[in-house]
Each structure stands twice: as structure tokens, then as C-alpha cells.
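The values are calculated or read from the model by the stated rules, or taken from the named source; none is laboratory data. In this text, all values refer to a predicted model and were calculated from it rather than measured experimentally. When we count neighbours, we look across all protein chains shown, and the Cβ atoms used for this are built from the backbone with ideal geometry, even at glycine. Each accessible area value is taken on the protein alone, full model and side chains, heavy atoms only, with ligands, DNA and RNA left out. Shrake-Rupley method; radii C 1.70, N 1.55, O 1.52, S 1.80 Å.
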Amino acid sequence: MDDVPEPTWLVAANVVRWRRYGDLGQEFRPGTKAFRGRAKVYVLDTYPGTADEQLTAVGHGRHTGWITIDTGTRHLHTFRPQLVYSPAVLRRCAAASSRTREEAVVLAERLDGIACHGRHTYHSAPHPDPCLCHECLPVSPG
């Protein structure tokens, strides 16, 4: 019988519904190549050498079960600390350093700012009209 891993604090986030793509960001793609839009992912680690613009995330893949993949921070939003109990996620984050709740809160706030800045600056061209990007979509309840 496998040992059940201890719950740990991770940063949870959601994948953006639409991301800008192509020349000057004038096209839109739903979610990312690996994750559907609005999918919930858990951040395992970041890459400080790239100013945390890249991170390692675990989540349900677009066409598969659980996957671990490196992705751009700008493709995620609504970063928040969360105590994770899921054995599938905990097995994948065993090598990652464990965090306290306070460390997860600080990381979530930092990643939220980096993601927002990245979505604004990655494509320097003006937004197309109408725009479906994360910042331009109206906030819908639920």
C-alpha cells in the first residue's frame, strides 16, 4: 500500500480562456497547447533566472490525464495559495520544496503581478477589435 503524501501548500492558478498569438498578437488561441482555457493548475516551481516568467505547472492536460509542464506565467491568472491534498499532484511535486502558507501567499502575489505585466507587454501591438484577451474580456460571475 502506498503512503499517502502529506498535504502541502502550493500556488493554484487558472489558464487564461484566450491568449494572443501570431504576428503582433492579432490572433487568439483558446487556453494553451497543453491546457484548456480555465483549467486549474498548480505551480510547482518558478525560474528566477527568467524573472519568474516561466514556471512548472501540474494539471489535467488537454488530451491526457495529469501532466507536468513548463509554461509561461502570462498564460495563467488568479494565482492563490491552496493546501493540496490530491495524491496525484503531491506525487508530482515531491521533488519541489515545500512551502508554508505565508510563502505561498507571497509567491501568488508576485506571480499575479508578473503574469499581468507579461500579458500587457509580450505583444507590443495594440489589441485587435474586438479583443478576447484576458484583460479585455468582461468579468462574468461564477
Cα-based shape type of the stretch 1-65, given that a ≥ b ≥ c are square roots of the gyration tensor eigenvalues and the cut on a/c is 1.5: oblate
Extreme residue, positive dipole direction of the chain, given options Phe28, Leu10, Thr78 (C-beta unit charges): Phe28
Label of the coordinate-derived value, log10 I(q)/I(0) by the Debye sum over Cα atoms at q = 0.12, 0.17, 0.19 Å⁻¹, listed as (i) -0.49, -0.94, -1.13; (ii) -0.46, -0.99, -1.27; (iii) -0.67, -0.98, -1.09: (i)
Lone cysteines, the chain (no partner Cβ under 4.7 Å): Cys93, Cys116, Cys133
Of all accessible heavy-atom area on the chain, the percent that carbon and sulfur account for (1.4 Å): 54 percent
Accessible area in square angstrom per residue, the chain, 1.4 angstrom probe: 60 Å²
C-alpha long axis of helix 101-121 to longest principal axis of the chain, angle in °: 20 degrees
Long-range HN-HN contacts of Arg17 with modeled amide H, under 5 Å: Arg38
Full-extension gain in nm, Cys116 to Tyr47, via 0.36 nm per residue minus C-alpha separation: 23.1 nm
